[in-house]
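Following: one structure in structure tokens, then a few remarks.
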Amino acid sequence: MRRYLVAGNWKMNGTLASAQELARAVAEGVPDESSQVDVLICPAFPHLAGVKEAVGNARVRVGAQNAYHEKPGAYTGEVALEMLVDLGIDAVILGHSERRHVLKETDELINRKVRAALEQKLQVVLCVGELLSEREASQTEAVLDRQMEGGLNGVDASQMNQIVVAYEPVWAIGTGHTATPDQAQAAHAHLRNWLSSRYNPAVAEGMQILYGGSVKPDNAAELLAQPDVDGALVGGASLKPELFQPIIQAAVDAAQ
Ligand code: PGA
């Protein structure tokens, strides 16, 4: 059986003090190993070291929201994967829709980052998802295929245990319009089938596929109850312990 992962994407929010306070609250409520639920929090770059320290030995992983694929050097304003490793960071989100659509990252760039992150032995949360216009034009599956093919180009089956896929329909992110459990399940099943044919059934079976897009305490349980939904990537609700904690609890309940 697959474990669940509940990840918090804090985006460009908070102060060092508020990020550390939030991290401590998450650490206090983290379920134990036997729950089959893991928790990942992803603060902004300047807060990573402080959050790592605040989490201490608690069973909470800390991830970055992005990184640059080149080796450390003359890349003004960028952050190298090696720097994340140096801080003891566990994971990195790549291909988030805000990076694709606001920062104009292409599948090719995302792929470079994915491969470099795998080389550094970081866990990669690879985000994919369609725009509303693409869904309305019945292109959801074609978009997902293109983003998976592009993002995982050159990644072989032996590296896939370092990857987590997050399905995040762009129209559901930060909008309060969550995908219905059926819509999420359909997309997740499609992604799992894609993994099975591109790799093999064992890779597909083992892959954690998270749903993201307006996950809240009141919709988490039904989303997490879907057979191919293995966790959540949570934005807005991950900034408030009173909202994030019930989502983690929904995963603990779903895992039983
Ligand atoms: P949201 O963000 O939960 O605020 O919709 C999700 C995400 O962007 O990862």
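The table that follows gives values for the structure above.
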quantity: Of all residues making up the stretch 129-152, the number that are in a loop (DSSP other than H, G, I, E, B) and either over 19 Å from the mean Cα position of the chain (by Cα) or under 26 Å from Gly176 (Cα atoms) (or both); calculated: 6
quantity: Count of residues meeting criterion [acidic (Asp, Glu) and either open to solvent by 70 Å² or more (accessible area, probe 1.4 Å) or outside any helix (DSSP H, G or I) (or both)] in the stretch 97-111; calculated: 2
quantity: Residue in the stretch 214-240 that is nearest to the chain's Cα centre (by Cα), counting only those that are within 20 Å of Met160 (Cβ to Cβ) and not in a loop (DSSP other than H, G, I, E, B); calculated: Leu233
quantity: Flag for Pro169 being touching a residue at least 40 places away in the same chain (Cβ under 8 Å), open to solvent by less than 30 Å² (accessible area, probe 1.4 Å) and of a type outside the set (A, V, I, L, M); calculated: yes
quantity: Failed condition for Ala189, given (1) open to solvent by 10 Å² or more (accessible area, probe 1.4 Å); (2) in contact with a helix residue (DSSP H, G or I) (Cβ under 7 Å, 6 or more places away or on another chain); (3) of a type in the set (A, V, I, L, M, F, W, C); calculated: (2)
quantity: Flag for Gln249 being assigned to a loop (DSSP other than H, G, I, E, B) and either over 17 Å from the mean Cα position of the chain (by Cα) or within 23 Å of Ser97 (Cα to Cα) (or both); calculated: no
quantity: Some residue of the stretch 41-55 being closer than 30 Å to Glu205 by Cα, surrounded by 15 or more Cβ atoms within 10 Å (Cβ to Cβ) and touching a Ser or Thr at 6+ places or on another chain (Cβ under 8 Å); calculated: yes
quantity: Unmet requirement for Gly63, which otherwise passes all of (1) open to solvent by 60 Å² or more (accessible area, probe 1.4 Å); (2) within 26 Å of Ala116 (Cβ to Cβ); (3) small (Gly, Ala, Ser); calculated: (1)
quantity: Residues located in the stretch 192-216, provided they are farther than 13 Å from Asp228 by Cα and either buried (at least 20 other Cβ atoms within 10 Å of the Cβ) or of a type in the set (Gly, Ala, Ser) (or both); calculated: Ser196, Ser197, Ala202, Gly212, Gly213, Ser214, Val215
quantity: Number of positions in the stretch 164-213 that are part of a helix (DSSP H, G or I) and in contact with a His (Cβ under 9 Å, 6 or more places away or on another chain); calculated: 2
quantity: From Val114, Val164, residue being within 16 Å of the ligand (Cβ to nearest atom) and open to solvent by less than 40 Å² (accessible area, probe 1.4 Å); calculated: Val164
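Residue-by-condition table, conditions (1) over 17 Å from Gly29 (Cβ atoms); (2) within 12 Å of the ligand (Cβ to nearest atom); (3) modelled with pLDDT under 95:
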{"site": "Pro201", "(1), (2), (3)": "yes, no, no"}
{"site": "Asp218", "(1), (2), (3)": "yes, no, no"}
{"site": "Leu233", "(1), (2), (3)": "yes, yes, no"}
{"site": "Lys240", "(1), (2), (3)": "no, yes, no"}
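The values are calculated or read from the model by the stated rules, or taken from the named source; none is laboratory data. On a predicted model such as this, the values are computed, not experimentally measured, just so you know. Positions of Cβ are backbone-derived with ideal geometry, glycine not excepted, and every protein chain shown enters the neighbour counts. Just so you know, the surface numbers come from the protein's heavy atoms only, side chains and all, with ligands and any DNA or RNA stripped out. Shrake-Rupley method; radii C 1.70, N 1.55, O 1.52, S 1.80 Å.
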